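Here's the structure, in C-alpha coordinates; my notes come after.
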Amino acid sequence: MDANAFSYQWIRTDFFWFYDTEIPGATAPTYTLQEADDEKWIKVRISFTDNAGNSEVVESFEVGPVYTNKSDGGLRLVSLTDTSAGDEGLLQIFDDTSKRWRGVCDDSWDRKDADVACRQLGYAGSAEALTGIIWFGYPPLLFMLDEVNCGGTENTLLECEHAGRGVHDCTSWEYAGVKCATSGN
(Lines give C-alpha, C1' and ligand atoms only; values in the text may rest on other atoms or scores of the structure.)
Protein backbone atom coordinates (compact mmCIF):
# COMPACT_ATOMS: atom_id res chain seq x y z
CA MET A 1 0.00 0.00 0.00
CA ASP A 2 1.22 3.45 -0.85
CA ALA A 3 -0.91 5.71 1.35
CA ASN A 4 -3.15 5.81 4.36
CA ALA A 5 -6.80 5.16 3.52
CA PHE A 6 -10.09 5.99 5.21
CA SER A 7 -13.44 4.44 4.37
CA TYR A 8 -16.84 5.40 5.72
CA GLN A 9 -20.18 3.66 6.21
CA TRP A 10 -23.16 5.58 7.55
CA ILE A 11 -25.58 3.56 9.68
CA ARG A 12 -29.25 4.08 10.56
CA THR A 13 -30.36 2.79 13.99
CA ASP A 14 -34.00 2.02 14.75
CA PHE A 15 -34.41 2.17 18.52
CA PHE A 16 -37.93 0.72 18.39
CA TRP A 17 -36.70 -2.54 16.87
CA PHE A 18 -33.09 -2.13 18.15
CA TYR A 19 -31.24 -2.88 14.95
CA ASP A 20 -28.64 -1.16 12.77
CA THR A 21 -28.89 -0.91 9.00
CA GLU A 22 -26.05 0.17 6.75
CA ILE A 23 -27.34 2.94 4.50
CA PRO A 24 -26.76 1.83 0.88
CA GLY A 25 -24.36 4.11 -0.98
CA ALA A 26 -23.62 6.24 2.10
CA THR A 27 -19.85 5.85 2.03
CA ALA A 28 -18.62 9.46 1.88
CA PRO A 29 -17.17 11.47 4.78
CA THR A 30 -20.42 13.48 4.94
CA TYR A 31 -24.05 12.34 4.72
CA THR A 32 -27.24 14.16 3.71
CA LEU A 33 -30.34 13.11 5.65
CA GLN A 34 -33.07 11.23 3.77
CA GLU A 35 -36.77 10.60 4.36
CA ALA A 36 -35.96 7.08 5.62
CA ASP A 37 -33.89 8.63 8.45
CA ASP A 38 -36.96 10.18 10.04
CA GLU A 39 -37.14 9.33 13.76
CA LYS A 40 -34.02 7.15 13.51
CA TRP A 41 -30.56 7.64 14.99
CA ILE A 42 -27.53 8.06 12.71
CA LYS A 43 -23.89 7.08 13.23
CA VAL A 44 -20.82 6.51 11.08
CA ARG A 45 -18.32 3.64 11.00
CA ILE A 46 -14.84 4.79 9.97
CA SER A 47 -12.20 2.31 8.85
CA PHE A 48 -8.57 3.36 8.64
CA THR A 49 -5.77 1.43 6.98
CA ASP A 50 -2.24 2.77 7.15
CA ASN A 51 0.43 2.35 4.49
CA ALA A 52 1.81 -0.70 6.36
CA GLY A 53 -1.53 -2.52 6.05
CA ASN A 54 -2.57 -2.08 9.70
CA SER A 55 -6.26 -1.32 10.09
CA GLU A 56 -8.63 -0.04 12.74
CA VAL A 57 -12.39 0.48 12.81
CA VAL A 58 -14.23 2.95 15.05
CA GLU A 59 -17.90 3.92 15.28
CA SER A 60 -19.29 7.25 16.38
CA PHE A 61 -22.04 7.56 18.95
CA GLU A 62 -25.55 7.73 17.51
CA VAL A 63 -27.01 11.18 16.99
CA GLY A 64 -30.75 11.59 17.02
CA PRO A 65 -33.49 11.02 16.76
CA VAL A 66 -33.41 12.75 13.40
CA TYR A 67 -36.43 14.68 12.14
CA THR A 68 -36.23 15.42 8.45
CA ASN A 69 -37.85 18.59 7.17
CA LYS A 70 -41.58 17.92 7.51
CA SER A 71 -44.45 20.26 6.81
CA ASP A 72 -47.41 20.68 9.12
CA GLY A 73 -50.16 18.27 8.14
CA GLY A 74 -47.89 16.10 5.99
CA LEU A 75 -48.97 12.46 5.82
CA ARG A 76 -47.26 9.09 5.79
CA LEU A 77 -48.38 5.47 5.84
CA VAL A 78 -47.00 2.91 8.28
CA SER A 79 -47.18 -0.64 6.97
CA LEU A 80 -49.49 -2.97 8.91
CA THR A 81 -47.77 -6.17 7.82
CA ASP A 82 -44.42 -7.23 6.42
CA THR A 83 -46.09 -7.94 3.09
CA SER A 84 -48.33 -4.90 2.63
CA ALA A 85 -47.43 -2.60 -0.22
CA GLY A 86 -46.53 1.03 0.37
CA ASP A 87 -50.03 2.07 -0.67
CA GLU A 88 -51.82 0.96 2.51
CA GLY A 89 -51.39 1.23 6.23
CA LEU A 90 -51.89 3.23 9.38
CA LEU A 91 -52.21 6.93 8.57
CA GLN A 92 -49.96 9.37 10.43
CA ILE A 93 -50.00 13.15 10.22
CA PHE A 94 -47.09 15.46 11.08
CA ASP A 95 -47.68 18.02 13.81
CA ASP A 96 -45.31 20.95 13.33
CA THR A 97 -45.90 22.23 16.87
CA SER A 98 -44.55 19.09 18.57
CA LYS A 99 -42.34 17.99 15.63
CA ARG A 100 -43.90 14.52 15.94
CA TRP A 101 -46.01 12.18 13.89
CA ARG A 102 -49.54 11.86 15.27
CA GLY A 103 -52.49 9.59 14.63
CA VAL A 104 -55.85 10.17 12.99
CA CYS A 105 -58.83 8.75 14.88
CA ASP A 106 -61.27 6.56 12.97
CA ASP A 107 -64.43 8.20 14.42
CA SER A 108 -66.48 9.21 11.33
CA TRP A 109 -63.61 8.03 9.06
CA ASP A 110 -65.00 7.17 5.62
CA ARG A 111 -64.15 6.88 1.94
CA LYS A 112 -64.25 10.66 1.30
CA ASP A 113 -61.71 11.21 4.08
CA ALA A 114 -59.54 8.38 2.73
CA ASP A 115 -59.76 9.85 -0.80
CA VAL A 116 -58.37 13.19 0.41
CA ALA A 117 -55.60 11.45 2.38
CA CYS A 118 -54.59 9.26 -0.58
CA ARG A 119 -54.56 12.20 -3.00
CA GLN A 120 -52.43 14.16 -0.50
CA LEU A 121 -50.03 11.19 -0.49
CA GLY A 122 -49.85 11.32 -4.30
CA TYR A 123 -52.21 8.47 -5.20
CA ALA A 124 -55.23 8.58 -7.51
CA GLY A 125 -57.61 8.20 -4.57
CA SER A 126 -58.61 5.53 -2.09
CA ALA A 127 -59.66 1.95 -2.56
CA GLU A 128 -60.69 1.58 1.07
CA ALA A 129 -60.98 3.52 4.34
CA LEU A 130 -59.45 1.39 7.11
CA THR A 131 -60.76 1.62 10.69
CA GLY A 132 -60.12 -0.08 14.00
CA ILE A 133 -56.35 -0.22 13.60
CA ILE A 134 -54.54 -0.96 16.86
CA TRP A 135 -51.22 0.79 17.63
CA PHE A 136 -48.99 -0.39 20.46
CA GLY A 137 -45.81 1.04 18.96
CA TYR A 138 -43.19 3.14 20.61
CA PRO A 139 -43.20 5.99 21.06
CA PRO A 140 -46.92 6.16 21.85
CA LEU A 141 -48.83 7.73 18.97
CA LEU A 142 -50.98 10.60 20.20
CA PHE A 143 -53.98 11.69 18.15
CA MET A 144 -53.94 14.94 16.20
CA LEU A 145 -57.29 14.69 14.39
CA ASP A 146 -60.68 13.20 15.28
CA GLU A 147 -64.13 13.37 13.70
CA VAL A 148 -62.60 14.14 10.29
CA ASN A 149 -65.32 15.05 7.80
CA CYS A 150 -64.03 15.78 4.30
CA GLY A 151 -66.30 16.86 1.49
CA GLY A 152 -63.99 15.05 -0.93
CA THR A 153 -62.52 18.02 -2.81
CA GLU A 154 -60.01 19.22 -0.19
CA ASN A 155 -56.28 19.05 -0.95
CA THR A 156 -55.18 18.09 2.58
CA LEU A 157 -56.73 16.53 5.68
CA LEU A 158 -56.15 19.75 7.61
CA GLU A 159 -58.56 21.50 5.19
CA CYS A 160 -61.33 19.07 6.19
CA GLU A 161 -63.68 19.68 9.10
CA HIS A 162 -62.48 18.01 12.32
CA ALA A 163 -62.93 18.25 16.10
CA GLY A 164 -59.85 20.48 16.47
CA ARG A 165 -56.14 19.81 16.64
CA GLY A 166 -55.46 17.42 19.50
CA VAL A 167 -59.13 17.24 20.50
CA HIS A 168 -60.28 13.61 20.60
CA ASP A 169 -61.98 10.86 22.58
CA CYS A 170 -60.05 7.98 20.99
CA THR A 171 -58.21 4.93 22.28
CA SER A 172 -55.30 2.85 21.00
CA TRP A 173 -57.60 0.68 18.86
CA GLU A 174 -59.25 3.53 16.94
CA TYR A 175 -56.58 4.56 14.45
CA ALA A 176 -57.55 5.35 10.88
CA GLY A 177 -55.76 4.04 7.85
CA VAL A 178 -56.12 3.87 4.10
CA LYS A 179 -55.63 1.57 1.19
CA CYS A 180 -54.87 3.87 -1.73
CA ALA A 181 -55.70 3.25 -5.37
CA THR A 182 -52.57 3.13 -7.50
CA SER A 183 -54.51 4.04 -10.65
CA GLY A 184 -57.83 5.69 -11.41
CA ASN A 185 -60.77 3.41 -10.57
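The values are calculated or read from the model by the stated rules, or taken from the named source; none is laboratory data. The structure presented is a predicted model; accordingly, all values stated were derived computationally and were not measured. Glycine gets a Cβ as well: all are built from the backbone with ideal geometry, and neighbour counts include every protein chain shown.
Write out, first by first residue and then by second, each pair whose Cβ atoms fall under 6 Å of each other, whose residues are 6+ apart or on separate chains, and whose first residue, in the stretch 161-177, is under 9 Å from Cys105 (Cα atoms) while the second is at pLDDT 95 or above and β-branched (Val, Ile, Thr).
Ala176/Val104
So is Leu157 touching a helix residue (DSSP H, G or I) at 6+ places or on another chain (Cβ under 8 Å), closer than 25 Å to Asp38 by Cβ and not assigned by TED's automatic domain parsing to the domain that holds Lys40 or not?
Here the answer is yes, as Leu157 does meet what is asked.
Within the stretch 115-151, how many residues turn out to be at pLDDT below 90 and among the small types (Gly, Ala, Ser)?
Total meeting the criteria: 6.
Of the residues in the stretch 150-185, how many are over 19 Å from the mean Cα position of the chain (by Cα) and basic (Lys, Arg)?
1
Suppose the filter is more than 21 Å from Lys70 (Cβ to Cβ) and surrounded by fewer than 19 Cβ atoms within 10 Å (Cβ to Cβ); does Gly132 pass it? Let's see the steps before the verdict.
Values: more than 21 Å from Lys70 (Cβ to Cβ): yes; surrounded by fewer than 19 Cβ atoms within 10 Å (Cβ to Cβ): yes.
Yes.
For the stretch 161-174, state whether one or more residues are among the aromatic types (Phe, Trp, Tyr) and surrounded by fewer than 22 Cβ atoms within 10 Å (Cβ to Cβ). Walk me through it before giving the result.
Taking the stretch 161-174 as the starting set, the residues that turn out to be among the aromatic types (Phe, Trp, Tyr) are 173.
Retained after the next criterion (residues that are surrounded by fewer than 22 Cβ atoms within 10 Å (Cβ to Cβ)): 173.
Yes, there is a match, as at least one residue in the stretch 161-174 is among the aromatic types (Phe, Trp, Tyr) and surrounded by fewer than 22 Cβ atoms within 10 Å (Cβ to Cβ).
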